[in-house]
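Below is one structure; the comments refer to it alone.
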Amino acid sequence: MPSLIAYTAFARAYELGSFSAVGRELGLTQSTVSKHIATLEARLKVQLFARTTRKLNPTHEATQLYEGVQHLLDAADAIHSSIGGARAEPSGLLRISLPDSYGRAILMPIVARFLIAFPRVRLDVQLTDQAVNLIEGGVELGVRIGDLASSTLIARSIGLVEHLIVATPKYLATHGEPRHPTDLLLHNCIVYTGFAKGNRWVFDSEQGRQTIEVPSTLGVNSADAMYGAVLHHVGIARVPHWVVGDDIARGRVRRLLPDDYPTPMPINIVYPQTRVLSSRARCFIEFVLAEIGKPG
């Protein structure tokens, strides 16, 4: 049976497209890497790479093999960590899916610090507000905002999203300022279409919880674009706090309904129940939890 190093060489050759690059990384000669790949090809009776003078081109069979090999290497990594190798430095490729606006504003600075702290890890980051199928997409970790609909995911809470109801002074001068959530029914509202019921705004106050289905002048699947529409005086929106920044203090927008605040939404790092987490994934989760918990 091919050795674990042979599978490691294959996975890195698939990712890097070069036997020599794999050799430099693993401390092997190029010919040794080539022999490991040849051993796999002979064992599986398939060609894994089409060799050219410029690069390696994975075959269809290599693509099929790659995902299985990743699971194998992650399982081996987990076993090694559990038996006393926990202090080994995390390494390898980690694919993660992040919500677009939250990812850009909050998580990407943490990603940058993670890469400095763990230089042997490589990250493939997908920024999307779509709920990516982690298994089909080959993604090890995802970050989800809102209640989780799927019970097939293991979740680690990393915080809450606080939303603000905002509009520009110019819009309010023309249309008036809502004093109660029901007043929103008379206004132009901008809703986030990334949620199934983006026009259903839930408020908490001392009087309890209230749900308003606001009329939608504009629907947008991007929090940043939604806020851009607010700044162009289109209407009132419920936006994440990080999008607004210091614009309230600067007077660009006004916070509305301060006594009726939108119900916060949970933020979770998720991964499939069937996934054996690699040490790099576990390390990333713990790093994010530590960074999110820091003041300021």
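Every read-out reported here was derived from the displayed coordinates using simple, explicitly stated rules and does not represent laboratory data. Keep in mind the model is a prediction, meaning the values are calculated, not measured. Heads up, the Cβs are rebuilt from the backbone with ideal geometry, glycines too, and the neighbour counts pull from every protein chain shown.
Rounded to the nearest 10 degrees, the inclination of helix 60-80 to the longest alpha-carbon principal axis of the chain is 90 degrees.
Of the residues 168, 63, 193, the one that moves most in a GNM of the chain with alpha-carbon contacts below 10 Å is 63.
Only helical runs count toward this figure. For the chain, summing -39,500 (n - 2.57) over DSSP H runs of n ≥ 4 and dividing by all residues gives -11000 deg cm²/dmol at 222 nm. Rounded to the nearest 10 degrees, the angle from helix 4-16 to the longest Cα principal axis of the chain is 50 degrees. Here each label is just a point 7 Å from Cα along the line to Cβ, and for residue 112 and residue 183 those points are 4.0 nm apart.
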